[in-house]
């Protein structure tokens, strides 16, 4: 662990007391003494202006009846927006949709991404090119991805319907039938995000100690056993972090859903974030939109807290072993 | 330094690897490649299609490369280069601003022990939890007051707020890996912190800076929600908003739209393939330790 203390030259390492930082003149000394804060200051001020301040303003807005025509502020209405939302079916549907979308997206992208990484980490011909192709979707801009999928899902000329009808499964209104809305946005999201998981897991696989795996083979373990004993434990920390990030990112994901279905058909893809946007800029009700956003933040926080509790329990179990 | 090991394409233990269910593996790899590659291939095919082949007969499975000449004509139908130029300005601005802020903050969080360090780290991390949608409403009100609506500057400022913390974690993990002894030696020689950061640390963390730069650039290049809300003049639209304006409109043929989408995606894809190694090591370091 690096520290900011300075060792006196030629003394016993790590034993010497911190020495006065060097600097030339008063300004230099000031910079040296308050270095940490000076380096941190611009970024923190920036976040204060563009994240914390809007966040607080957003929370305050959620207790008012502000409309888009007068974004500066409407009359305070207390918890009316929250009361309205918590007793509205549309809001709770939105919560359930968000959770379902998140669950499916995380399961499939983390699952396929990890499996793909394990596959692409083995030796075979043309691995470099295959890896490049498999990870390209991550580089495709979201709007371009949305356009591609809207065309793939097209009712008459879409390749998906051409395939399903060729296979005798009939044609489906992927974007207009409420039955398929969530499937349509989830598939597009998984396509776009699986490569990111794959990249992260591939990199984690690079640092699995090969000597340890080979040692288990010498001891007569099968490949699968050595995977369970060496590789998987080594991947777990990365797997946990990427799962948490994918979860949080899914809860706040907007673009791909908004562009492909716009929250429809019949609100089946109206996740909290899409709901915020539509309430603010289509229904023009900024106060209520801010309240939905605040409740969405609560959901993110809950998920994160659950994650950290689970992680604590797992770490305790691992250390007891 | 073992975590810095970069993926190589050298099959290290071909003998053991090749033994393992080669047919099953080939099938799985093919599935993966088709899953990932098909939509991009399809986009290319659409851009080469004619209106008849797209809307009457159905898009052919093999792209009609003989139609490549039609691409030139498409450019006059959509102001795509203007939009791409706008995207570039926004992405470049976001990259520069977030790298400067992130590098300084990362150095502070990596190399100093000070009061409020944990709080500062938490603020950076918690921005990951914040839905942009919660910020966008008040930000709209703030920008309306400050005259930042309909301006690329406003977008750069908003985008940076969200990508800068990510860049910070990536760069911080790069600095964490540099042995502190190198800096100590410089300090004993009388180097100031600023000089240490610019002349010693920066050259050593170039891979992390590059990874952070790619992430920031991607973010600015792709961003849609803020741009769609803050920019109303179509001359100022970035490509993301310009292209999205064709969704749900039936009078712009898909081949034209897909050609523009291809132009929008191609720089990002090429950039990504070129910088892939750096991205991977930077990204994992950032995400795992973040």
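The values are calculated or read from the model by the stated rules, or taken from the named source; none is laboratory data. Note that the coordinates shown come from a computational prediction; the quantities given were computed from them, not determined experimentally. Glycine gets a Cβ as well: all are built from the backbone with ideal geometry, and neighbour counts include every protein chain shown.
Cβ separations smaller than 6 Å between residues 6+ apart or across chains give the following pairs from the stretch B:116-143 residues that are without any contact (Cβ under 8 Å) to a residue 12 or more places away in the chain and at the interface with chain A (Cβ under 7 Å from one of its Cβ atoms) to residues that are surrounded by 17 or more Cβ atoms within 10 Å (Cβ to Cβ) and part of a loop (DSSP other than H, G, I, E, B): B:131/A:252; B:141/A:71. Checked against (1) out of contact with any helix residue (DSSP H, G or I) (no Cβ under 6 Å at 6 or more places or on another chain); (2) surrounded by 14 or more Cβ atoms within 10 Å (Cβ to Cβ); (3) at pLDDT 90 or above, residue B:85 meets all criteria but (2). Would you be able to tell me the number of residues in the stretch B:219-240 that are in contact (Cβ under 8 Å) with a residue 60 or more places away in the chain, at the interface with chain A (Cβ under 9 Å from one of its Cβ atoms) and farther than 16 Å from residue A:150 by Cα? So the answer is 5. Whether any residue in the stretch A:204-221 is at pLDDT 85 or above and surrounded by 14 or more Cβ atoms within 10 Å (Cβ to Cβ) is what I want to check. Yes, because at least one residue in the stretch A:204-221 is at pLDDT 85 or above and surrounded by 14 or more Cβ atoms within 10 Å (Cβ to Cβ).
Each row is one residue, and each column tells you yes or no for (1) in a loop (DSSP other than H, G, I, E, B); (2) modelled with pLDDT of 90 or more; (3) touching a helix residue (DSSP H, G or I) at 6+ places or on another chain (Cβ under 6 Å).
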site	(1), (2), (3)
A:234	no, no, no
A:237	no, no, no
A:241	no, no, yes
A:256	no, yes, yes
A:270	yes, yes, yes
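Looking at this structure, is residue A:296 touching a strand residue (DSSP E or B) at 6+ places or on another chain (Cβ under 8 Å), buried (at least 24 other Cβ atoms within 10 Å of the Cβ) and in a helix (DSSP H, G or I)? Against the criterion (touching a strand residue (DSSP E or B) at 6+ places or on another chain (Cβ under 8 Å), buried (at least 24 other Cβ atoms within 10 Å of the Cβ) and in a helix (DSSP H, G or I)), residue A:296 does not qualify. Where helices (runs of 4 or more DSSP H) sit wholly within the stretch A:175-230, those with at least 2 residues that are over 24 Å from the mean Cα position of the chain (by Cα) occupy A:210-218, A:223-226.
If I go through the stretch A:231-241 residue by residue, how many of them are under 18 Å from the mean Cα position of the chain (by Cα) and either at the interface with chain B (Cβ under 8 Å from one of its Cβ atoms) or surrounded by fewer than 16 Cβ atoms within 10 Å (Cβ to Cβ) (or both)?
Here is the first cut: in the stretch A:231-241, the residues under 18 Å from the mean Cα position of the chain (by Cα) are A:236-241.
Going one step further and asking which of them are either at the interface with chain B (Cβ under 8 Å from one of its Cβ atoms) or surrounded by fewer than 16 Cβ atoms within 10 Å (Cβ to Cβ) (or both), we end up with A:236-238, A:241.
Qualifying residue count, the stretch A:231-241: 4.
Can you name the residue in the stretch B:144-174 that is facing chain A (nearest Cβ under 9 Å) and either touching a strand residue (DSSP E or B) at 6+ places or on another chain (Cβ under 7 Å) or at pLDDT 90 or above (or both) and, of all such residues, is surrounded by the most Cβ atoms within 10 Å (Cβ to Cβ)?
If we filter the stretch B:144-174 for residues that are facing chain A (nearest Cβ under 9 Å), which is where we start, we get B:144-145, B:157-158, B:160-162, B:164-165, B:168.
Now restrict to residues that are either touching a strand residue (DSSP E or B) at 6+ places or on another chain (Cβ under 7 Å) or at pLDDT 90 or above (or both): B:157-158, B:160-162, B:164-165, B:168.
On the way: B:157: 21, B:158: 28, B:160: 28, B:161: 26, B:162: 21, B:164: 27, B:165: 27, B:168: 33.
Taking the candidates together, the pick is B:168.
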